[in-house]
Amino acid sequence: MLDFLADRVAPEAPGDLGFSEDDLQQRLAAFNRRRLLPGLPRADWRDEIEEDRDWLTLEGEFLERERRAVVSRAAEAPTDPDGFDAWLTELTATGPGQGDPLFPWLADTCSIDEMKWVLAQEVAGEAGFEDLTALTQVKMPVGPKLELARNYWDEMGRGNEKGMHGPLLETLARKLGLTPRAETTVWESLALANTMAGLAWNRRYAYHSIGALGIIEQTAPARAAAIGRGLKRLGVPTGDRHYFDLHAILDIKHSEAWNKEAIRPLVAENAATAHPIAEGALMRLTCGARCFERYRRELGWRTDASGAYVVTPRG
């Protein structure tokens, strides 16, 4: 057993994994960096397998804790294709974190330093949509596999390096002088990335990953548009903010195709996949909602006696 597991304390409440949230997410983030990066053969590969067993157990406990938090609501989802599609679409309005006041504020009010802080958190918590999609599509039925492939190809700039979505976000981070690091990232943002990586990596959560990735496409356009407007207001050049302007438009088409060509056929073929897909969608939305709430606290948001938000500028 890994030495770090000896640091775990006795659980204080159901779902407690024996670490502080910050410590847990930092450890899982380090594990994901190691296992997802290409490597070379090691003489101690047997030891690595033993270590991975402990890491995977801790990750599984974390993912099951997150899943338990949404399982009741996910169980309400219909299991016929039409009903499930309507239920999933409704999450754009009623899902966790939807309509959060953070985004109108980013669009219309925040300072450049406040915008940079939020984006540094978002960049540090970015798990890489194209890689998650590639992991998720393994051994999926032909129709959903083809839709994930089309989405992957768009994320990859359709073979053009300048059009790749990941580097577009990296360009913005570089132009704004951001230095995203796990050590300076709130645990909620790391938990989002760790959840997405865990769902995509472990095949028992493959349908959860389909739901989590699909709900990103479905709910991201409004948030991307708000950040894009905020960047424009703050004088960030068009080319530098292209990542958000692009996703404000392209993800609408991606969402329609993902729901029609990936999720709907899976549910139609096997109704048992509906609730795992629903759980994945809700897990991702819950992670996002926690991030938005933490960001607001860090940015000085408080409520007055009437319940209205009052913002004290950072610094």
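The values are calculated or read from the model by the stated rules, or taken from the named source; none is laboratory data. Since the structure is predicted, the reported quantities are computational estimates derived from the model, not experimental observations. Note that we place each Cβ from the backbone using ideal geometry, even for glycine, and neighbour counts take in every protein chain shown. SASA here: full protein model, heavy atoms, side chains in, ligands and nucleic acids out. Shrake-Rupley method; radii C 1.70, N 1.55, O 1.52, S 1.80 Å.
For ARG150, the stated conditions do not hold, so it cannot be described as in a helix (DSSP H, G or I), without any contact (Cβ under 8 Å) to a residue 40 or more places away in the chain and open to solvent by 50 Å² or more (accessible area, probe 1.4 Å). With respect to the numbered conditions (1) in contact with a Leu (Cβ under 9 Å, 6 or more places away or on another chain); (2) part of a helix (DSSP H, G or I); (3) under 24 Å from ALA222 (Cβ atoms), which one is the sole condition not fulfilled by PRO144? (3) is the only condition that PRO144 fails.
Tell me whether region 65-80 contains one or more residues that are in a helix (DSSP H, G or I), without any contact (Cβ under 8 Å) to a residue 60 or more places away in the chain and either of a type in the set (A, V, I, L, M) or touching a Pro at 6+ places or on another chain (Cβ under 8 Å) (or both). The answer is no; no qualifying residue exists. The residues of region 226-235 that are of a type in the set (A, V, I, L, M, F, W, C) and either under 19 Å from THR89 (Cα atoms) or surrounded by fewer than 19 Cβ atoms within 10 Å (Cβ to Cβ) (or both) amount to a single one, LEU234. What is the one condition in (1) open to solvent by 30 Å² or more (accessible area, probe 1.4 Å); (2) under 15 Å from THR136 (Cα atoms) that MET196 does not satisfy? For MET196, the failing item is (1). Only residues that are surrounded by 13 or more Cβ atoms within 10 Å (Cβ to Cβ), closer than 24 Å to GLY198 by Cβ and more than 19 Å from the chain's Cα centre (by Cα) were counted in region 58-83, giving 3. The residues of region 220-242 that are part of a loop (DSSP other than H, G, I, E, B), at pLDDT below 95 and among the small types (Gly, Ala, Ser) amount to a single one, GLY239.
For beta carbons closer than 7 Å, sequence separation of 6+ or different chains, a first residue in region 177-193 that is in contact (Cβ under 8 Å) with a residue 60 or more places away in the chain and a second that is of a type in the set (S, T, N, Q) and buried (at least 21 other Cβ atoms within 10 Å of the Cβ), the qualifying pairs are THR185/GLN121; VAL186/GLN121; TRP187/GLN25; SER189/GLN121; LEU190/GLN25; ALA191/GLN25.
Among the residues of region 84-99, is there at least one that is open to solvent by less than 70 Å² (accessible area, probe 1.4 Å), closer than 21 Å to ASN202 by Cβ and either touching a Pro at 6+ places or on another chain (Cβ under 6 Å) or not in a loop (DSSP other than H, G, I, E, B) (or both)? No, that holds for no residue.
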